[in-house]
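Beneath this line is the structure, given in C-alpha cells, with notes to follow.
The values are calculated or read from the model by the stated rules, or taken from the named source; none is laboratory data. From a predicted model like this one, the values you see are computed outputs, not experimental measurements. Please note: Cβ atoms are built from the backbone with ideal geometry, for glycine as well, and neighbour counts cover all protein chains shown. Accessible surface areas use protein heavy atoms only, side chains included; no ligands, DNA or RNA. Shrake-Rupley method; radii C 1.70, N 1.55, O 1.52, S 1.80 Å.
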Amino acid sequence: MSHTHPAPSTATLVGSAVPRREDPRLLTGRGRFVDDIDVPRMLHAQFVRASVASGRLTSLDLSAVREVPGVVAAFTADDLELNAITAGLHRPPEEYVPTGMPVLARDRVRFVGEPVAIVIAEDPYAAEDGIEAAKAVYDVLPPVLTEDAALAPDAPLVHEEAPGNTLLDVSLFATEGIDRIFADAPCTVRVESRTGRQNALPLETRGALAQWDAREEQLVVHTCTQIPHQVRTVMANCMGLDERAVRVVVPDMGGGFGIKCVVGREEIAVGAAALRLGRPVKWIEDRKDALTASFLAREQHYGLRAAFDADGHILALDADVVCDMGAYSCYPFTVGIEPLMASSEMPGVYRVPAYRVRGRAITTNKAPTAPYRGVSRPQYVMAVERVFERAARELGLDPVEIRRRNVITEFPYTGVNNITYDPGSYLESLDLCEKSLRDEGWYTRQAEAAEQGRHLGIGYSCFSERTGYGTAAFAQRKMKVVPGFDLAEVRMDTTGALTVTTGTISHGQSHETTMAQIAADELGLELHKVKLHQGDTERITYGWGTFASRSIAIGGSAVRRAAGKLGERLRALTAGLLDVPYEDTVLDKGRVRLRDDPERGLSHVELAEVAYLRADLLPAGTEPGLTATASFDTLSDGTFSNATHGVVVELHEGTGQVEILRYICVEDCGVAINPTVVEGQCRGGIAQGIAGALYEQVTYDAQGDPECTGFMEYKMPTAAEIPDITIHHLETPSLITETGAKGAGEGGTIGAPAAVLNAVNDALRPTGVELENTPVRPEQIQLALEQAAHEHKESAPA
Amino acid sequence: MSSNTTDHQLVSLTVNGTEREVVLDSRRTLADTLRHDLGLTGTHLACEHGICGACTVLVDGRPARSCLMFAVQAEGKQVRTVESLSDDGRLSDLQQAFADHHGLQCGFCTPGFLMLAEGFLAENPDAGRKEIREAVSSNLCRCTGYQTIVDAVEHCAAARRGHQEGNVQ
Ligand code: FES
Ligand code: FES
C-alpha cells in the first residue's frame, strides 16, 4: 500500500504550531455546550435513582412526585417500555455472558444511583423537588462489592445469568512449555498490582436536549457524546424507530476522556420522554450523579509472574488479569474491553518470548465502567514495569539497563501476542529520557539527598500504545459491532472555501485546527479557507467518533484522502479547461497551475465558479459540483505511538506527601500535525495519570453507598499538585497512516502511573518496602518511612 | 420547598456595565440567572458546590463563585462575566495569553480561570509564578495539566507590568 501522496509543494501547515481556531469562541464565552442551548417550551429532567446497591424494587410510587408544583410528568420503566441497551461479543457462553442494561431499572437494581424513574418539570429546581418526593421500596439483597466477594464460591449473583459473577473469562495466549521455562529460570519474580476505581471526570457533566422536529420527522438530540452515530443507533433500537428518525448533534463538549464514548441510559430516557410529551426535554447531570451514578473506570488486579535469565532478559510472562467492571456492560465495547485489551497487549514494548494470560471481567454492585483514557494500559504498563523493577533488584541491575536489554529494537516486530508493531523509538526515548535526568544532575542530587536523610526517588516507564485501531484490530475482539474505519467529506463552495466533515468529534483535542491543517495542506489552501464540521449524524453517513487516540490517525487520514480526491478533481477540471494533460497540473497556493509554467493556471475560486455557476463551461464528461468523500481504515494491527516518562519525587517525612520535583516525557507519536496540541494532550494526560497514581479513588462503604459524592471527597488534583512537565519529541512517522501521524490522546495517562510509582519505590528503596497498588496515599508512605526510621534506629551503633 | 411556594423577588444588579432587573425565585443561583435569565452562557457550571471554580465571575471586582450565590445576593452589585472581557470582539490581553500558551483545550473551565485571573491580577499585579500557581489552584481543569494556564497568566502579568513600566519612563 502506498502510504502517502506526494506532499504538495505548499505544504507548510502540517507540523507547525498554528494557533487554535477553537480559541476565540471559547475564550469569549461564545462556545455552545449542551446546557447553553435553551429552546422554547423546554422542560427539564432529573432521575429518581436507586438508594440501595442490590435489591428488588417492590414498589415505586410517583404520585407525590406528580403533585409537586412545576412537575409535568414522571415515568417508570413500565411507562416508557424501552428496549434494554445490549452490547455483545461473538464468544462462546463459557467465555462471555451478555447482559442488558435497561434504560430504567424495572424490578431489580444493581448499584446505588441506578435510574428507576425520570421526572420532568418546568424548571430544573422543580425537577429536583420532584425526585425527592418519589417513594421507592426495596427488598434489599446483600451487595457484592469487591473482587474477592464477587469470586467467592457462594457469592450472591449480580446477574442471575452470570455464574461466579464472571461476565468474561478468556485465556488468549498460552505458549507451549511455559511452565518448563519458569521451572528452569535462574530468576523469577511475582507482582500483585491493584489500581483504584477512578472517575474520568470531564469538567462538563453529561447532558442531553431532545426535541421532536415535526417537519423532518426526526427526534433531534443534542448531547455531549464522543460517538454520535452509535448513540443514534442505540436510541433508534431502544425506541423501535427507524434510524433516520433520530438525529444526534454534538455541540461543544467539555471533555470526555472515554466515559462519553459509551451510550448512556439517561440520554435515551430523555429522548423517549420528549417524544411522549411532545415538548423539548433537557437533562444536565449534576456533579453528584456524575461522581456516583455515571460510568466509572479502572479498578483492576494484575497477578504477574515473570522469568528472567541471569543477564536480565525476560524469558516468560504469566498473567492473571481481573477487572471489576461494575454492574453493567457498556455499549458498544462491553465488559470485554479492559481484559481483552490487557490480555492482547500486555507484553508491550518488551521482547517477551513466552506468554500466558487469563483475563476476566467480573460484575459487582457498583456503578458500571466505561473505557477511560488509556484503557487497561495504564494498569498493565504499571504491572509490567513493576516486574522489570523487581527483576532489576533481584539481579542487581540498573532499572534503566534492564529495560534497555529488553525493549524491542527491530521493526516491524511481531510479538508473542501476534501483534505487529510498526516502527517506533523505544530505545531512543529511554536513552534520551535517562540522559536528560542525568544531565540535569538528578542522580547527583539524589545521592546528596540520601546523605541528608531525605528521600528522593527516580522512576521511569516505557510503553507503546496502539493508537490507530482499525477494523481488523477491533474485529479480533469479536465485538458484535466493530469500530475501526472512518469517513470524511470535503466540499468546496463557489467562493473556493472548503468545508470538511468528519465522523470524529473533538472534545478538547483541537480537531477544528488539526483537521483543517491536513486538508489545507493537501489542497494548497490557506488555513482560514477551511472549516471543520463534526458531530452531526445528518452531515455524514457514519462515523466511529473519537476515542482510542484514533481521530488524527484514522479520521485525519480520511480527511487527507478526501481532500486528495478533491485535488484530483480540481486538477482534472483545470486540465480540461486549459486543454493540457492532467499530469502537467499541480495544486499550489489556492490555485491549480501548470507544472512548468507557474504563471498559467486557474484559482480555486475560478474553478469553483465553473463547477457550480457556469456548468455550461464544464469540459465534456466532468460532473458539476466540487465534493469528495473518502474512508480510511488502518490495516493489519494499526499504529503504535511510544514514550518514556522519567520522574523525580521527594517523599516528605512527617506528612507522607509525595512531591514531584521533575517530570520529563519523551514521546513519539509519529508526525505531530500540531506540536502544541500534542504537548497539550501529553500534559493533560500526565496530569490524569498522576491523579490515578497519587490521589483519586472512588470508594464505597460496606453497604455499597458511594463515599465520593462531591469534589470534597473525590480528590482531583489542582495546579498545586501537578508539576511543570518537559516534553521532548521524537518522530518516527507511521508507514500506515496517510499523514504519518499515529495518535497522541492517551499516552500521558498510560505512562504516568508507572513512572510515578517506580519513583516512589525508588525513594523507598532504603526501607525495603515496595508499593504496588495505586493510588499511593500519604498513609502508606508514612508507614513505610516510619518502618525505615525504626530499622535505622535498631541498626545504629549504641 | 417548591418553586410555587417560594417568593419571587425583583432584583436589580449591574451585569457587565448594564443595569438589569430580573424577577426570580429567591432560591435561584446567580449562575442560573446569568446563564438562563440573562443569556450569558459563558459562565459555566461543573460542580455547583463551590469547588471547581468554573462558575467564577467578578462581583464588585472580586472573584466569586456564582453557583454559591443566590441571585438576590447580587442586588445592587456589579457583576462581570467572561463576556465582558472582550467587548469590542477583540481578545483581551489575558484571553490572548491563554490562546498563545494553549491554556485551554475543551474550554469548559476557561471562563472561570479567566475571571479568576482577571480578579487576581487586578489585586496582585506583581504576583510571581509561585503565587499565580497558588491562586490558579482554586479552580479545576481536567484537560491541560494547568502548566499552560499558569504560563498564560504569568505572561499576561509580566506584559502588563512591562507596559506600565514603559509608561512611567
Ligand atoms: S460550579 Fe461553582 S464552583 Fe463549581
Ligand atoms: S480545558 Fe477542559 S477542563 Fe480545562
- Note on the structure: Per-residue average of other protein chain Cβ atoms inside 10 Å, peptide B:48-60 -> 2
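Using only atoms on other chains, find how many Cβ atoms lie within 10 Å of each Cβ of peptide A:680-689 and report the average. List each step's numbers first, then the result.
Working: counts 10, 4, 1, 8, 10, 2, 2, 7, 3, 1.
Mean partner-chain Cβ count within 10 Å for A:680-689: 5.
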- Quick one: what are the phi-derived ³J(HN,Hα) couplings along the range A:696-709, Karplus 6.51/-1.76/1.60 with θ = phi - 60°, whole Hz, x for glycine and proline? 7, 7, 8, 10, 10, 7, 5, 8, x, 7, x, 9, 10, 10
- Low-density loop GluC sites (Glu not before Pro), the range A:216-289, at most 13 other Cβ within 10 Å, DSSP non-H/G/I/E/B, are A:Glu216, A:Glu217
- Query: How high is the relative contact order of the range A:658-722, given as a whole-number percent (alpha carbon pairs under 8 Å, six or more residues apart)?
  - Reply: 29
- Between A:Thr699 and B:His36, what is the FRET efficiency for a Förster distance of 25 Å, r being their Cβ-Cβ separation, to the nearest 0.05? 0.10
- Could you give the nm distance between label points at A:Glu132 and A:Glu410, where each point is 7 Å from its Cα heading toward the beta carbon? 7.0
- Give me the number: length gained by fully extending A:Ala720 to A:Glu122, i.e. 0.36 nm times residue separation minus the C-alpha to C-alpha distance, one decimal in nm. 211.1 nm
- Message: Can you tell me, using C-alpha contacts under 8 Å and at least 6 residues apart, the relative contact order of chain A as a whole percent?
- Response: 16
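At a 1.4 Å probe radius, which order do A:Tyr714, A:Tyr413 fall into by accessible area, largest first?
Greatest to least solvent exposure: A:Tyr413, A:Tyr714.
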- Task: Ignoring ligands, DNA and RNA and using a 1.4 Å probe, state the total buried accessible area between A and B in Å², rounded to the nearest 100.
- Result: 4200
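Mean projection of the alpha-carbon convex hull of the protein assembly as shown over all orientations, in nm²?
Its Cα hull, projected and averaged over all orientations, spans 44.9 nm².
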- Quickly estimate the mean residue ellipticity at 222 nm for chain A, helices only: each DSSP H run with n ≥ 4 gives -39500 (n - 2.57), and the total goes over all residues, rounded to 500. -8500 deg cm²/dmol
- How far, in nm, would the chain grow between A:Arg32 and A:Glu786 when pulled straight, counting 0.36 nm per residue and subtracting the alpha carbon separation? 266.2 nm
- Note on the structure: Hydrodynamic radius by Kirkwood for the range B:1-121, inverse mean 1/r across distinct Cα pairs, in Å, is 14.7
- Cut-off 17 Å (backbone N to label point 7 Å along Cα→Cβ of A:Ser51), residues of the range A:101-118: A:109-118
- Run the 1.4 Å probe and let me know the accessible area of A:Arg30, rounded to the nearest 10 Å². 140
- Note on the structure: Longest principal axis of chain B (C-alpha) makes with the long axis of helix B:110-123 (C-alpha) an angle, in degrees to the nearest 10, of 70
- Cα coordinate range in the range A:277-371, projected on the principal axes (Å, largest first): 71, 22, 20
- Note on the structure: Sequence order, the range A:196-202: Karplus ³J(HN,Hα) from phi using 6.51 cos²θ - 1.76 cosθ + 1.60, θ = phi - 60°, Hz rounded, Gly and Pro as x, gives x, 5, 10, 10, 4, 6, x
- Item | Peptide ranges A:312-324, A:508-520, A:551-563 listed from the most packed, as the mean C-beta count within 10 angstrom indicates | A:551-563, A:508-520, A:312-324
- Would you calculate the separation in nanometres between label points at B:Ala158 and A:Glu731, each defined as 7 Å from the Cα along the Cα-to-beta-carbon direction? 2.7
- On average over all directions, what projected area in square nanometres does the range B:54-143 have, based on the convex hull of its Cα atoms? 6.4
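Would you mind giving the mean number of other chain beta-carbons within 10 Å of the Cβ of each residue in A:199-206, as a whole number? Working shown, then result.
Details: counts 0, 1, 3, 5, 17, 9, 5, 0.
Taking all residues of A:199-206 together, the mean is 5.
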- Note on the structure: The answer for GluC sites (Glu not before Pro) in the range A:597-697 that fall in a DSSP coil and have at most 16 neighbouring Cβ atoms within 10 Å is A:Glu653
- Between A:Arg765 and A:Val580, what length comes free when the chain is fully extended (0.36 nm per residue of separation minus the Cα-Cα distance, one decimal in nm)? 59.2 nm
- Going through the DSSP H helices of chain A, which span 15 Å or more along their own axis at the Cα atoms while scoring at least 0.5 as a mean Kyte-Doolittle hydropathy? A:265-277, A:747-763
- With a probe of 1.4 Å, find how much accessible area the protein assembly as shown has per residue, and write the answer as a whole number in Å². 35
- Item | Nearest-0.05 FRET efficiency for A:Leu635 and A:Glu526, computed from C-beta distance (R0 41 Å) | 0.80
- Paramagnetic label zone (point 7 Å from Cα along Cα-to-C-beta, A:Ser603; backbone N under 16 Å) in the range A:499-524: A:524
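Could you compute how fast the range A:375-460 diffuses translationally, taking Rh as the Kirkwood radius over C-alpha pairs and applying Stokes-Einstein at 37 °C with viscosity 0.692 mPa s? Give it in µm² per second.
219
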- Item | Solvent-accessible area of B:Glu48 with every protein chain in place, 1.4 Å probe, in Å² to the nearest 10 | 100
- Message: Taking R0 as 22 Å, what FRET efficiency do you get between A:Ser63 and A:Leu277 from their Cβ-Cβ distance, rounded to the nearest 0.05?
- Response: 0.75
- Note on the structure: Quick calc: nm separation of the 7 Å Cα→Cβ label points for A:Thr495 and A:Asp398 -> 6.1
- Message: If you filter the range B:65-169 for GluC sites (Glu not before Pro), then keep DSSP loop positions with at most 13 other Cβ within 10 Å, what is left?
- Response: B:Glu75
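Just reorder B:Arg28, A:Arg595, A:Arg287 by solvent-accessible area, largest first, 1.4 Å probe, all chains present.
From most exposed to least exposed: A:Arg595, B:Arg28, A:Arg287.
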- Item | Whole-number percent relative contact order across the range A:523-676, with pairs defined as alpha carbons under 8 Å at least 6 apart | 19
- Message: Of all beta bridges DSSP finds with both residues in the protein assembly as shown, what is the antiparallel percent, to the nearest 5?
- Response: 80
- Message: As a test question: what accessible area, to the nearest 10 Å², does A:Glu122 have when a 1.4 Å probe is rolled over all protein chains in place?
- Response: 90
- For the pairs A:Lys260/A:Lys715; A:Lys135/A:Lys288; A:Lys715/B:Lys130; A:Lys260/A:Lys435, note any where the Cα-Cα span goes beyond 30 Å. A:Lys260/A:Lys435
